[in-house]
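These notes concern the structure reproduced below.
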């Protein structure tokens, strides 16, 4: 039987994930996910209603890599960065090499002119999986508290 995943490992992966995004190392971002994964950004309203529609949707690591390539080479958007603030993760299920976790988040967006605004708040609904000894995200659904989402969601949450 596969081992349980420790809270310490989950928190270490989350810290590295956030550091990657906030540090503009987006090319590394897909490495946090399993090959077959789900990454979705949605609203709390859509999530409660069970709607599959999403602001961002990717179901493989290759799709995440393509998203980063398009951010770097094709998309035109105003220069910006994020600062994530995470709450403590709550492990909901754990065992068999997988853990389901819920973690609250706040994201501040800093624009090129220095203006900083609360960009998003919500909760990550995650499934972590041991993959050859490495911990990977098999699923990350970022459920935003507000259904009002800025159309300029260039960077991943």
Among 137, 155, which is touching a residue at least 12 places away in the same chain (Cβ under 8 Å), surrounded by 13 or more Cβ atoms within 10 Å (Cβ to Cβ), assigned to a loop (DSSP other than H, G, I, E, B) and touching a helix residue (DSSP H, G or I) at 6+ places or on another chain (Cβ under 8 Å)? 155
Subset of the stretch 66-88 (residues that are out of contact with any strand residue (DSSP E or B) (no Cβ under 9 Å at 6 or more places or on another chain) and assigned to a helix (DSSP H, G or I)): 68, 69, 70, 71, 72, 73
Search result, residues across the stretch 105-137 that are closer than 15 Å to residue 37 by Cβ and under 11 Å from the mean Cα position of the chain (by Cα): 124, 125, 126, 137
Return the residue satisfying two criteria in turn: it lies in the stretch 89-104 and is part of a strand (DSSP E or B) and under 17 Å from the mean Cα position of the chain (by Cα), and of such residues it is surrounded by the most Cβ atoms within 10 Å (Cβ to Cβ). 99
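Within the stretch 29-63, work out how many residues are under 23 Å from residue 13 (Cα atoms), assigned to a helix (DSSP H, G or I) and either in contact (Cβ under 8 Å) with a residue 40 or more places away in the chain or more than 13 Å from the chain's Cα centre (by Cα) (or both).
4
Read the figures in this text as sums done on the coordinates, not as results from a lab. What you are looking at is a predicted structure, and each value in this text was computed from that prediction instead of being measured. Reconstructed Cβ throughout: ideal geometry from the backbone, glycine too, with neighbour counts over all protein chains shown.
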